[in-house]
1. Please identify the pairs in which a residue from segment 442-457 that is within 19 Å of LYS197 (Cα to Cα) has its Cβ atom under 7 Å from the Cβ atom of a residue that is of a type in the set (Lys, Arg), counting only partners at least 6 apart or on another chain.
2. Take residues that are under 30 Å from TYR414 (Cβ atoms) and tell me which of the strands (runs of 3 or more DSSP E) falling wholly in segment 249-321 contain 2 or more.
3. Quick check, is SER418 open to solvent by 50 Å² or more (accessible area, probe 1.4 Å) and either among the charged types (D, E, K, R) or within 23 Å of ALA533 (Cβ to Cβ) (or both)?
4. State whether the residues of segment 514-524 include one that is modelled with pLDDT under 90, outside any helix (DSSP H, G or I) and surrounded by 15 or more Cβ atoms within 10 Å (Cβ to Cβ).
5. Say we look at segment 322-341 and pick out the residues that are open to solvent by 10 Å² or more (accessible area, probe 1.4 Å) and in a helix (DSSP H, G or I); which of these is nearest to ALA237 (Cα to Cα)?
6. Looking only at segment 1-38, which residues are open to solvent by less than 40 Å² (accessible area, probe 1.4 Å), under 21 Å from ASN242 (Cβ atoms) and in a helix (DSSP H, G or I)?
7. Do you know which of the residues in segment 342-352 that are aliphatic (A, V, I, L, M) and surrounded by fewer than 24 Cβ atoms within 10 Å (Cβ to Cβ) is nearest to GLY221 (Cα to Cα)?
8. With the requirement that a residue be assigned to a helix (DSSP H, G or I), open to solvent by 20 Å² or more (accessible area, probe 1.4 Å) and under 23 Å from ASP368 (Cβ atoms), what does segment 422-453 give you?
Amino acid sequence: MPEAFNACEYLLDRRVKAGDGGRLAITGAGGELTYAQLLDRVQRAAAVLRQLGLEPEQRLLMFTADGPAFVVLYLAAMRIGAIPVPVSTMMRAAGLTELLVDSRARLLAITSEFAAIAASAVADAPELRGIVAAGGAPIASGGSGGSSSPLASTAAGALPVHDLDALTDAAAPEESIYPTTADSPAFWLYTSGTTGKSKGAMHRHGSVQVVCETYASQVLGIKPDDRCLSAAKAFFAYGLGNSVLFPLSIGAAAILEPSPSRPDVIAERAREFGATLFFAGPTFFANMLRTGLPGDALGSGVRLAASAGEALPAALYERWTSHFGTDIIDGIGMTEMLHIFLSNAEGQVRPGSTGVAVPGYELKVLDDDGALVRDGTPGTLFVRGDSTATGYWSRYDASRQVFQGEWLRTGDTYVRDSDGFYSCLGRTSDMLKVSGMWVSPAEIEDRLLAHQAVAQAVVVAGLDSDDLEKPVAYVVLQPGASAAETELVEFCQVALPTFKRPRRVVFTDAYPTTATGKIRRVELRELATAALAEGGRPA
């Protein structure tokens with residue numbers, strides 16, 4: 001029989017048994033918990049989830065802000081063999097419905113910020129059996145005027161809403177742990193990845209230990225006295241590692257911020273709670289400079305910053321490190337790999353590169369025929385390592401494109417130099433990566449085409465003043481129709497997350513095409529960079 005292994009036990013019970021029960025596990029604006037207190041809350045929440053009928057390998061969709069409730073639910077679900085599925089809190093109701101249906105979730109966990117969206121989303125999720133309201137989410141009539149909570153009206157529609165805090169307080173701790181193994185399904189993370197439509201990447205319990213003992217230990221050099229602060233939220237694979245997996249694996253503390261990440265807020269939290277490790281993406285680093293924060297804004301405790309999500313331009317690296325006085329190690333990870341597998345290292349940064357393979361991972365660069373290329377020759381990057389997801393949920397064709405035997409196709413074009421350093425040259429496909437998140441051009445194009453004045457739309461990536469990718473739309477209007485650029489940008493923003501809105505809309509009569517009639521997106525990308533320079537909106 002395979003040896004028992006449960007990620008919750010690895011991250012939490014193991015630490016308490018090692019004597020870390022009195023150490024701070026979670027801090028931040030949402031409250032504090034020691035390791036012993038966190039274990040108690042997780043054990044009680046595990047009992048509650050069992051009581052609500054959540055069974056092993058059934059899904060708990062988590063539409064929750066970063067905070068103690070997120071960590072408790074994530075760990076409690078894995079403890080009982082169920083599958084937590086953290087999803088983006090930037091979604092609209094239709095997007096949440098899509099993931100509820102796709103995952104066949106039995107329970108939806110929400111925090112108060114998202115009650116209205118949840119109430120709108122659940123009506124078309126027939127397999128959902130209830131809502132778990134955490135962190136003070138309203139479940140009954142409220143307000144001096146007696147207006148009803150959106151969740152209260154949902155409950156009246158026959159879908160029960162459960163108060164997690166009250167139930168957890170009343171529950172007896174569930175000390176037993178479901179007998180999972182390293183290869184048992186642990187959690188899913190949705191990604192549009194390299195192939196467009198959102199897909200659930202299925203991760204094993206053992207993958208948690210892998211990323212903690214490779215990147216966190218051997219690249220970050222994380223220590224028990226560290227305090228981790230991440231601008232990337234925990235529903236991202238990147239943020240999940242930064243804010244939950246890495247600190248808990250070593251007995252360190254996570255600084256969790258429930259509100260949207262803004263440079264001023266994150267800087268204030270870094271000072272207030274004594275951050276020592278700071279995680280963000282290039283767009284956020286650029287916004288910190290653009291906001292005009294002083295060089296000491298993060299306080300004196302931050303010893304290292306880490307970047308991922310999109311390539312960190314050398315000029316941005318130099319500007320940020322010179323201003324804030326803290327080094328940044330840039331790396332690349334993927335939801336399908338759970339975290340970073342290629343990175344620079346502290347004291348060995350080569351600006352403009354993504355560094356070298358993280359210990360425990362292997363890389364190769366292949367040409368279009370699948371042959372290895374020589375150093376200095378561009379090709380598609382492939383990675384192999386033990387944190388690889390087992391595949392996409394119910395996406396056979398997409399899984400075959402990306403998961404190729406022991407190797408995973410990243411969809412990024414890279415070049416390796418003679419010293420073993422890798423540099424990103426962009427994506428192999430037309431996918432965009434904006435603020436560290438994959439964006440399908442087709443999704444924005446479909447939204448633009450829904451406007452009555454738009455006849456054709458093509459979306460490409462342009463580089464802004466920080467050399468970061470932003471969507472630019474080239475639009476052909478219907479004959480006799482008119483529309484303003486601001487009108488179309490706002491039209492997109494109504495239905496799409498803010499980061500997906502086009503930063504410019506350029507009107508044109510026709511597109512450049514090849515001899516066979518295909519649109520020359522490469523040419524449009526060159527024009528898009530000029531368009532952003534002429535009048536781009538802020539990131």
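The values are calculated or read from the model by the stated rules, or taken from the named source; none is laboratory data. Quantities reported herein were computed from a predicted structural model and do not represent experimental measurements. Quick reminder, even Gly has a Cβ in these numbers, built from the backbone with ideal geometry, and neighbours come from all protein chains shown. Surface accessibility is based on the protein's heavy atoms, side chains included, excluding ligands, DNA and RNA. Shrake-Rupley method; radii C 1.70, N 1.55, O 1.52, S 1.80 Å.
1. Pairs found: GLU443/LYS500; ILE444/LYS500.
2. Here the list reads 277-280, 304-307.
3. Answer is no for this residue.
4. For segment 514-524, residues modelled with pLDDT under 90, outside any helix (DSSP H, G or I) and surrounded by 15 or more Cβ atoms within 10 Å (Cβ to Cβ): present.
5. The residue in question is THR335.
6. ALA7, CYS8, TYR10, LEU11, LEU12, ARG15, ASP20, TYR35, LEU38 - these are the residues of segment 1-38 that are open to solvent by less than 40 Å² (accessible area, probe 1.4 Å), under 21 Å from ASN242 (Cβ atoms) and in a helix (DSSP H, G or I).
7. Going through the qualifying residues, I end up with ALA345.
8. ALA442, the sole residue that qualifies.
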